[in-house]
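The values are calculated or read from the model by the stated rules, or taken from the named source; none is laboratory data. Model, not experiment: these values are computed from the prediction. When we count neighbours, we look across all protein chains shown, and the Cβ atoms used for this are built from the backbone with ideal geometry, even at glycine.
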Amino acid sequence: MRRRVVVGEGEEQQVAAACARALRGVDAVTGEQLGEAALVERAGWLSALVGSLAAGVVQEHWNGPDLAQLACGVDRSGASLPSQGWMALRRLGWAVTVAEGVYVPDRVVRIAQEQAGRVLRSAWWRAEITTALLATWPADPARRTEAEWEALRAMLPDGPVVASGVLLARTRQIAAFQARHRRLPTGLTECEQAPGAGGQVVLAAVDKQLATLERCPEDPFHYGVLTVRLPTRSAPACRGDWHPVRVRFRLPPHVPATAVLCAPTLRIRQGRLLLDVPYAVAAPKPERVGHRPQSPSTGA
């Protein structure tokens, strides 16, 4: 779905994002006109399915060895892992478990794996901080000495860059675990529960078999059209329970007419279906030596 913008000499591609609201759509199979409530309902079923599948993957691999395996960037054979989360999880053989009697297209499984991969990868930074804290656990967690602070900074992956507030919050978390269990935790995955991975649908992980995005032919400067397969029921049982839906939405005014629209992320907030739409534009490359001096204006 993603396309690169054409850049000229002295330019580079820059990506920004805009938020749009989906108000109406059309079921491409039945021709049914879908209002905002119907769109929210169908997109909510998709979001719930993706969130459930992704949470299962996160829960299954919420342990130190698996987090380290994903973070190291190579698979068991030594080959580099892909940057895309869903591809990395498939390379490692971390599958998604679908409930019996529920039909989920492979592209939807791919979204769940992508979201789970992002959650697990983002946890590694917290895991490294927790490991450093445990390795340099102070005599008094409420008041570190100068030497204890220096030892902790030396153990941290980013050293002095990590904010003190983050370290203090993690210290309180570990101290609370110690007070409950009368021992220190073994690492992050014992100190906190597996996080969720739902609440959104990342369409950047799929191709045109599940979703396409284009500018509206009738008014390409102001509207976009997203065509995405959505379930027609909360527990789809077969392929026929997934219908393509054309969603027309208004582009915010700050999106340039020449921008290339990229795959959006769907979110449901307060009964509204929101689309976070990335867009790419060509922009001048920043100069290494600073700002270019402006030419003096010539008066009349």
Quiz item: Do we find that Ala68 is under 24 Å from Gly187 (Cβ atoms) and either surrounded by fewer than 19 Cβ atoms within 10 Å (Cβ to Cβ) or touching a Gly at 6+ places or on another chain (Cβ under 8 Å) (or both) in this structure?
Solution: yes
Quiz prompt | Selected residue (criterion: farthest from Arg107 (Cα to Cα)) from residues of the range 201-224 that are in contact with a Ser or Thr (Cβ under 9 Å, 6 or more places away or on another chain) and crowded, with 19+ Cβ neighbours inside 10 Å | solution = Leu213
Practice problem: Could you pull out every one of the strands (runs of 3 or more DSSP E) wholly within the range 230-300 that has 1 or more residues that are modelled with pLDDT of 90 or more, over 16 Å from Ala18 (Cα atoms) and not polar (S, T, N, Q)? | Solution: 242-250
Quiz prompt | Residues satisfying the stated conditions in the range 71-124, i.e. loosely packed, with under 15 Cβ neighbours inside 10 Å and over 30 Å from Asp158 (Cα atoms) | solution = Gly93, Ala95, Thr97, Ala99, Glu100, Gly101, Asp106
Exercise. Among the candidates Ala68, Ala54, Ala48, single out the residue that is of a type in the set (Gly, Ala, Ser) and closer than 17 Å to Trp124 by Cα.
Key: Ala68
Self-check item: Test for Ala38: is it of a type in the set (Gly, Ala, Ser) and within 20 Å of the chain's Cα centre (by Cα)
Solution: no
